[in-house]
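Structure record follows, encoded as structure tokens.
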Amino acid sequence: MDKAQAKLQIDELTATLKEHNYRYYVLSEPTISDLEFDRLLKQLEYLESQFPELAHADSPTRIVGGGIVNEFETVKHRRRMLSLGNTYNETELREFDNRIRKAIGNEIEYVCELKIDGLAISLFYENGKLAQAVTRGDGVQGDDVTANVRTIRSLSTELHGNYPPEFEIRGEIFMHRKGFEKLNNERIAAGEPAYANPRNVASGSLKLKDSSEVAKRPLDITLYHLLGDNLPYKTHADCIDAARSWGLKTADTTEVCKGIDEVIRFLEKWDKKRHDLGFDTDGVVIKVNSLALQEELGYTAKVPRWAIAYKFQTESATTRLLDITYQVGRTGAITPVAELEPVFLLGTTVKRASLHNANEIERLDVRVGDLVFVEKGGEIIPKITGVDFSQRPENSLPTKYIAHCPECGTALVRKENEAQHYCPNEDGCAPQVIGKIEHFVARKALNIDSIGSEMAKTLYKQGLVKDISDLYALKTEDLLKLERMGEKSAQNIIDGIQQSKNVPFERVLFGMGIRYVGETVAKKLAQALGNIDTLMHADKETLLGIDEIGDVIAESLTSYFSEPEHQNLVEKLKAAGLQMESAAKTQTQKGSTLAGLTFVISGVFSRMSRDEAKEIIEAQGGKCSGSVSSKTDYLLAGEGMGPAKLEKATQLGVKIISEDDLMSMIGETTSASTPAEPEKPAQTTLF
């Protein structure tokens, strides 16, 4: 594979995985299974390992995908909430153990916890009382859902015993099957549609604005990870035991296992017993028990190296494929969907499954009328894994992929080396236009939270908004003509639109929905080119000279701005008063004392956190790396630093410095005051 082909695949996989992250974490409406997501992720990881220069800065292999819903205040996590790597068999699990033992050199003690299928939550306690509850969100920031979480009966909002003054504890909010069935029976009796599964109800419940309604939902919680400064515990198990002694609910199925063989016996036991549980579990989380070893092993950009999730094998069913329909996404991507004869599988009735693209249909040779095999192992969305060819009707015909858009009738296009078909009518195809409006008003773009998904559809279908610039021509009297639209709601929409004119240029650029221009790329473009006019007239060579802008993005930009319709759109947005020029930014780099030097930070410090040390180094032009190598200039060593890093630094002749040495290097004298009490090993676990 040459570089150009690799870039096309990396860009496509990156965009696809981001979309699936958003559907899973924000909408709670995933369209592929965990196994399929991990397959795509591993494919992207492999390509990025072969062509690291082509990897996106915000690649799904580096960050947790997802987003923030609009109903609640956004709160930045004090410690990022990342995800876990997955494994599906014993061989991969033993490879994980081998990597751990190779780094540490000892037999490892692990903690095994059942992986509950719910919604991740982070709780903050101050002086023994619940102060705040925050959802995972995008891993960096989440939604403040404290009022809703307080309604969970199994959660202790006031503690007892010898608890720390402040700490954070993370866990999972979920729903037992019996509670889910009771809730569904009540809905059916009231003539309302039944919910799909317990996880979706748990996730959706926390997004309700009325906490009294949340209190009616039979939600439960289990807590599994304690974090904080100066905690006096040496192991993960000690932390959980302490939390339980304060009155917090933790799992009674958790076990400490000495070595990987005991871990495997735990997995075998619960693979059989999980069906007897009253809640859904799709696997087991395995963590290194020692907090000091966790610190030594550290993290990748996406996951901790000292923990992994083992997923149980899938269960399957057989059903009839009734039809193949096609959906059009915001970017014009066409997704074929299998419409199935309803079949009960793992607690839910399965009616649909994604077929992904034309290649997948061809690979499976799946046809309408076939008896197909469907799998679902803890995942929410099922996957067709094969066809029972012995049951295929004699008059069966091969599936012919559609040639025209199912929404607007435009001939579809499929670029060379791409699996996806696209509708090129991006400015006239209803799902694409509506999707662009939804994207434009989203929190990370223009943040017009008074316009939701349904309102975007209504505005388009009523002819009030044909493209995003039309939002700025809306008047209150236009909105009042809409069904069930009151004066206050109409005014809120107008006010939200007016306020969006103050949103910075990079977010306006992101909100325009140009293919491959995500948040990070939009910021890079805004910083490098300064304004929309310069960007519109930039040629491919100019764009390629900007950090992280490659051929695909450059071609997408030049193609987009070459269209008269898009040039006209920009002019209308400028006329509406949107910010089309980058505001002057305060430079984060204060000097160049450390320019060209690479540092590795290990251990904990008395006068600064690890993040603060990183900021100090980068502010003076230095770089920070996560591992010691021949390119490392200095190892900034704190208390309890990793022995492996120390040994490697000594072998390579890397100079080892203290925090005082660092401050001297940048010309700042150390304080004469008594240093603060040293921190315990930093617990920046991220999930």
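Values quoted throughout were computed directly from the atomic coordinates according to the rules given, and no laboratory measurement underlies them. All values reported here derive from a predicted model rather than from experimental measurement. Counting neighbours? That spans all protein chains shown, and the Cβs are built from the backbone with ideal geometry, glycine included.
If Lys and Arg each add +1 and Asp and Glu each add -1, what is the summed charge of the other residues whose beta carbon sits under 9 Å from the beta carbon of F174? Its environment carries a net charge of -3. Can you compute the label reach from A430? Point 7 Å from Cα along the Cβ direction, backbone N cut-off under 18 Å, restricted to region 466-494. It comes to 466-468, 483, nothing else.
Backbone amide hydrogens, once placed in the peptide plane, bring V503 within less than 5 Å of Q579, excluding anything fewer than 5 places away on its chain.
At a Förster distance of 45 Å, what's the computed FRET efficiency of T593 paired with Q499, Cβ-Cβ distance as r, to 0.05?
Working: r = 42 Å, r/R0 = 0.92.
Efficiency at R0 = 45 Å is approximately 0.60.
Taking other C-beta atoms within 10 angstrom as a stand-in for reagent exposure, W270, W246, W306 fall in the order W246, W270, W306, fewest first. Full extension of the segment from D2 to D533, taken as 0.36 nm per residue of separation minus the current Cα-Cα distance, would add 187.7 nm.
Between D611 and S245, full extension at 0.36 nm per residue minus the direct alpha carbon distance yields a gain of 128.6 nm. Length gained on full extension, N89 to D210, computed as 0.36 nm times the residue gap minus the Cα-Cα distance: 39.3 nm.
Could you list, in their original order, any pairs among K7/K42; K182/K269; K18/K436; K400/K436; K7/K540 whose Cα atoms are separated by more than 21 Å? Display every interim value, and only then the final one.
On the way: K7/K42 16 Å; K182/K269 29 Å; K18/K436 16 Å; K400/K436 29 Å; K7/K540 16 Å.
Result: K182/K269; K400/K436 exceed 21 Å.
Across all Cα pairs in the chain, the calculated P(r) in 20 Å bins from zero up to the longest distance comes to 15, 48, 34, 3, 0 percent per bin.
Ranking T235, I451, Y88 by Cα position along the charge dipole of the chain, where only Lys, Arg, Asp and Glu carry charges on their C-beta atoms, puts T235 farthest toward the positive end.
For the chain, the antiparallel share of DSSP beta bridges with both residues in that region comes to about 85%.
Close amide H partners of I656, meaning residues 5 or more places away or on another chain with modelled amide H under 5 Å apart, are L635. The translational diffusion coefficient of region 430-576, from Stokes-Einstein at 20 °C and 1.002 mPa s with a Kirkwood hydrodynamic radius over alpha carbon pairs, comes to 134 µm²/s.
Oblate is the label for region 264-354. Its Cα gyration tensor axes, ordered a ≥ b ≥ c, give a/c of at least 1.5 and b/c at or above a/b.
Here the spin labels are modelled as points 7 Å beyond Cα on the Cα-Cβ line, and at Q491 and D661 they lie 6.5 nm apart. Would you mind estimating how fast region 238-394 diffuses translationally, via Stokes-Einstein at 25 °C and 0.890 mPa s with the Kirkwood radius over Cα pairs, in µm²/s? Translational diffusion coefficient: 128 µm²/s. Restricting the GluC sites (Glu not before Pro) of region 322-405 to loop positions (DSSP other than H, G, I, E, B) with no more than 14 neighbouring Cβ atoms within 10 Å leaves E394. Here region 316-425 was treated as a single set of alpha-carbon atoms; its pair distances binned every 5 Å from 0 give 2, 12, 22, 21, 17, 13, 9, 3, 0 percent.
If the only charges are +1 at each Lys and Arg Cβ and -1 at each Asp and Glu Cβ, what is the size of the charge dipole of region 258-305 around the Cα centre, to the nearest 20 debye? Write out the running numbers ahead of the final one.
Values: 9 positive and 9 negative charges, 5 e Å.
Using only the charged Cβ atoms, the result is roughly 20 debye.
Dipole check for region 191-268: with +1 at the C-beta of Lys and Arg, -1 at the C-beta of Asp and Glu, and the Cα centre as origin, the magnitude is about 260 Debye.
Ordering Y472, Y560 from the fewest to the most neighbouring beta carbons within 10 Å gives Y472, Y560.
Let me know the whole percent of all Cα-Cα pairs from region 37-169 that are separated by more than 18 Å.
Looking at region 37-169, the distances longer than 18 Å represent 69 percent of pairs.
Computed about the Cα centre, the dipole magnitude for the chain is approximately 720 debye when only Lys and Arg (+1) and Asp and Glu (-1) carry charge, each at its Cβ.
When each of E483, E581, E36 is scored by the number of other beta-carbon atoms lying within 10 Å, the sequence from fewest to most is E483, E581, E36.
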